[in-house]
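The values are calculated or read from the model by the stated rules, or taken from the named source; none is laboratory data. Because the structure is a prediction, the values reported are computed rather than measured. Virtual Cβ from ideal backbone geometry, glycine too; neighbours counted across all protein chains shown.
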Amino acid sequence: MGFDSNHKRLPFVSIGGIPVLDSGNSLLVLDTGSPVSFARSGVVSIDTDCVDVPTRTEVVDCDELSEFLGLRVDGLIGADQLREHDLHLCLQEKWAVFTQSNPETPNNPILVETPSGLPVVRCVISNAQRRLVVDTGAKVSYLRSDLANESSPLGPLTDFYPGVGSFRTQQVSLNAQIAEAPASPQAFGIAPSAVERVLGAANLDGIVGMSWLGDWASLRLSCQNGWMVLSDRSDDRT
């Protein structure tokens, strides 16, 4: 299923694990956990489309985002643009491709729900099934505090969340599994109260961040068709 063969590959730099795409004339954070895209110019380019977007959201703008990342960025591509486009994110070789959504389903997909427009998958954490949002804009994964009771402490963590700003929390280790991969110890931040409220409002248990997604060579995501594929091969298209 070679849906990226005739489309432009956008290189990205990894800032704390978060992919920042270089479109040639702008740097754009790729954030599947953000419901809204925005840009300084009011326009982002997706595949062959130029899409009008707001210049900021109610909770964050480009300057705040740049300050957190330590890199001047020009905008953010969020989940709203993934409703119409499929994504192939090659984590190993650091490029991304967007294409028009393809109804063909790959082999062994992970089922994706989009109840609030965000990609949500089911994971097994400490032998219990949980619903987590796939968030390429999160450098680490997160869980609600009540799910971390049997975890092993890893120490403090400083992070940033739109509308919350910088915060400090604890990081823990729990056995976790996604798709058919074997369970393995994964690091999770304990979600601060403001983030827990956001998760609770969407009936979510946590966030799959780049610290976990980075275990794979590539990620392919089709929100419109309800699937995701994680592969240990960067060129996997099957």
| Within region 55-71, how many residues are modelled with pLDDT under 95 and over 17 Å from S166 (Cβ atoms)? | 3
| message | Six or more apart or on different chains, Cβ atoms under 9 Å: show the pairs whose first residue is in region 67-96 and free of Cβ contacts under 8 Å to residues at least 60 places away in the same chain and assigned to a loop (DSSP other than H, G, I, E, B) and whose second is among the basic types (K, R) and surrounded by fewer than 18 Cβ atoms within 10 Å (Cβ to Cβ). | response | V73/R40; D74/R40
| query | Would you say P54 is free of Cβ contacts under 8 Å to residues at least 60 places away in the same chain and more than 24 Å from P109 (Cα to Cα)? | reply | yes
| request: Would you check if T99 is free of Cβ contacts under 8 Å to residues at least 40 places away in the same chain and surrounded by 15 or more Cβ atoms within 10 Å (Cβ to Cβ)? | output: no
| query | Can you spot a residue in region 161-168 that is farther than 19 Å from V29 by Cα, at pLDDT 95 or above and of a type outside the set (F, W, Y)? | reply | no
| Residue that is modelled with the lowest pLDDT [pool: residues in region 22-51 that are touching a Leu at 6+ places or on another chain (Cβ under 7 Å) and more than 17 Å from D61 (Cα to Cα)] | S23
| Looking at region 110-142, which of its residues are in contact with a strand residue (DSSP E or B) (Cβ under 8 Å, 6 or more places away or on another chain), closer than 21 Å to I77 by Cβ and assigned to a loop (DSSP other than H, G, I, E, B)? | V112, T114, L118, P119, D135, T136, G137, A138, K139, V140
| Inside region 183-210, can you point out the residues that are polar (S, T, N, Q) and assigned to a helix (DSSP H, G or I)? | S193
| query | In region 18-44, how many are assigned to a strand (DSSP E or B) and either surrounded by fewer than 19 Cβ atoms within 10 Å (Cβ to Cβ) or acidic (D, E) (or both)? | reply | 2
| field | Scope region 146-162; condition closer than 25 Å to G117 by Cβ and either hydroxyl-bearing (S, T, Y) or touching a His at 6+ places or on another chain (Cβ under 7 Å) (or both); matching residues | value | Y161
| query | Looking at S14, is it assigned to a strand (DSSP E or B) and surrounded by fewer than 19 Cβ atoms within 10 Å (Cβ to Cβ)? | reply | yes
| task | Answer yes if at least one residue in region 211-222 is of a type in the set (K, R), assigned to a strand (DSSP E or B) and under 16 Å from S141 (Cα atoms), and no otherwise. | result | no
| Any idea how many residues of region 77-109 are touching a strand residue (DSSP E or B) at 6+ places or on another chain (Cβ under 7 Å) and among the basic types (K, R)? | 1
